[in-house]
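One structure is given below, encoded as structure tokens.
The values are calculated or read from the model by the stated rules, or taken from the named source; none is laboratory data. Predicted, not measured: the structure shown is a model, and the values here were computed from it. Positions of Cβ are backbone-derived with ideal geometry, glycine not excepted, and every protein chain shown enters the neighbour counts.
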Amino acid sequence: MDPSDVTAQTCLDEWNDCEKEYMQLETDHEQYKRKLDEMLALQKKCLTGIANQRKRLKKILGHCKEARIQNLDGEQKAILKELDIKAKNHKTHFREMEECLPHKNGIYLSIILGQVNVSLLNKADKFAYKEDYHHLYITMPQQVYLIYGGRWLDALHNFLLVWYYCTLTIRENILVVNGSRIKGWWVTHHFISTVCAGIALIWPDGYSYQSFRTQHVIFSLYLSMLYVLQYFYQKGSLYRLRALGKGHEMDITVEGFMSWMWKGISFILPFLFAGYCFQLYNSYVLYHLALQSPHWQVFALSFLHGFLGMGNIATTLFVVQQKIKEQVAGLYKSRLPNKYRFNARTKNL
């Protein structure tokens, strides 16, 4: 528009058009606030309803348990059995309902974030946050660690590790709130790894520090390689399971072996156990250095490395044993005649 054509009437017309849009915006915002209040009220109603239903189910199942002690005929036993099946179905349905409802923060998140609710109610937002966690997972700051670096570079490396593991634990707890099924040990593992990095950061320079430094560098570089290897392997496993409809949407790549990684186990397990044994060897070397060193950090690191190594081995062996039992049970069931098989939808066999 030519500046010479602008008049007071033109400005007034533009203002009137803007005023109409503003009025519509006010109307939309008022409607948004009403809908938000309605949604929050419905959320509270659903959460209260689920909690009440769980209490009633617990009470009913307690009565069923008491009734089984008595001498019951076949019809009464069948009724109690049917009630058990219905109660299990209801509990499963409650978990599905809760996926789109807000959850309370755990103790750790309450300490770190206060009462800020971190529940993501939209599936797309949950998936995006999970993918962002995966990207953080493979950015472990090992690349700044050089064998011939100085003490300042070691301190930078350990400081970055403290930041990395702290961030990782916070994000993992947020993922758990939003339905991720990460095993508690791996969250605990990252807590302890934060402590390890913090102790290494304040470990004074000296004979024990320099004696262990090269071994620690090699171990750190191996962990870095292992994390990247695990990430791509686990991401491929998750993609295949989801494509087949067998994977959970909030399953994540994680340090260690998880039950959904069973296919291709012969590929990943040797690398994992090599890392776990390396960690136990670190504990052994640090223990002998602690006998000659006046610094408490050496013994503390020896204990923590040993604890992490044993915990990793025990958790991985437990998951492997569990999957073997499931496979044997599935094979046994597939060989039973049809008349002896239970209905998979109603029986947990």
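Per-residue answers, yes or no, for (1) under 36 Å from the mean Cα position of the chain (by Cα); (2) assigned to a helix (DSSP H, G or I); (3) outside the structural domain of Val176 (by TED's automatic domain parsing):
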| residue | (1), (2), (3) |
| --- | --- |
| Leu42 | yes, yes, yes |
| Lys59 | yes, yes, yes |
| Gly62 | yes, yes, yes |
| Ala67 | no, yes, yes |
| Leu72 | no, no, yes |
Problem set entry | Near pairs, Cβ below 8 angstrom, 6+ apart or cross-chain, from segment 197-210 (at pLDDT below 90) to any residue that is surrounded by fewer than 18 Cβ atoms within 10 Å (Cβ to Cβ) and of a type in the set (D, E, K, R) | Asp205/Arg151
Exercise. Taking the stated definitions as given, is Glu75 surrounded by 10 or more Cβ atoms within 10 Å (Cβ to Cβ) and of a type in the set (Asp, Glu)?
Worked result: no
Exercise. Just one of Leu317, Leu349 is in a helix (DSSP H, G or I), at pLDDT below 90, of a type in the set (A, V, I, L, M) and loosely packed, with under 15 Cβ neighbours inside 10 Å; which is it?
Worked result: Leu317
Seminar exercise, completed: Going through segment 79-121 in order, the residues found to be farther than 21 Å from Arg56 by Cα and either in contact with a His (Cβ under 9 Å, 6 or more places away or on another chain) or assigned to a helix (DSSP H, G or I) (or both) are Ile107, Tyr108, Leu109, Ser110, Ile111, Ile112, Leu113, Asn117, Val118, Ser119
Exercise. In the set Phe299, Phe278, Phe303, which member is over 18 Å from Ser208 (Cα atoms) and either part of a helix (DSSP H, G or I) or not assigned by TED's automatic domain parsing to the domain that holds Trp186 (or both)?
Worked result: Phe278
For this session: Would you mind finding the one in Thr194, Thr214 that is of a type in the set (Ser, Thr, Tyr) and modelled with pLDDT of 90 or more?
Result: Thr194
For this session: Hey, can you tell me all the residues within segment 202-224 that are touching a Phe, Trp or Tyr at 6+ places or on another chain (Cβ under 6 Å) and either over 19 Å from Phe273 (Cα atoms) or loosely packed, with under 14 Cβ neighbours inside 10 Å (or both)?
Result: Trp203, Tyr209
For this session: Just give me the residues in segment 92-120 being in contact with a Pro (Cβ under 7 Å, 6 or more places away or on another chain) and more than 18 Å from Ile182 (Cβ to Cβ), in sequence order.
Result: Asn117
For this session: Go over the candidates Val187, Val228 one by one and state the one that is of a type in the set (A, V, I, L, M, F, W, C), in contact with an Asp or Glu (Cβ under 6 Å, 6 or more places away or on another chain) and either in the same structural domain as His305 (by TED's automatic domain parsing) or modelled with pLDDT under 80 (or both).
Result: Val187
Problem set entry | Lys55 of a type in the set (Lys, Arg), free of Cβ contacts under 8 Å to residues at least 12 places away in the same chain, surrounded by 11 or more Cβ atoms within 10 Å (Cβ to Cβ) and under 30 Å from Ser180 (Cβ atoms) | no
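Does at least one position in segment 2-18 carry a residue that is touching a residue at least 40 places away in the same chain (Cβ under 8 Å), assigned to a helix (DSSP H, G or I) and either polar (S, T, N, Q) or surrounded by 11 or more Cβ atoms within 10 Å (Cβ to Cβ) (or both)?
Scanning segment 2-18 turns up no residue that is touching a residue at least 40 places away in the same chain (Cβ under 8 Å), assigned to a helix (DSSP H, G or I) and either polar (S, T, N, Q) or surrounded by 11 or more Cβ atoms within 10 Å (Cβ to Cβ) (or both).
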For this session: Report, by residue number, each residue of segment 69-87 that is among the charged types (D, E, K, R) and at pLDDT below 80.
Result: Asp73
Exercise. If you go through segment 172-183 one residue at a time, do you hit one that is in the same structural domain as His216 (by TED's automatic domain parsing) and either at pLDDT below 70 or out of contact with any helix residue (DSSP H, G or I) (no Cβ under 8 Å at 6 or more places or on another chain) (or both)?
Worked result: yes
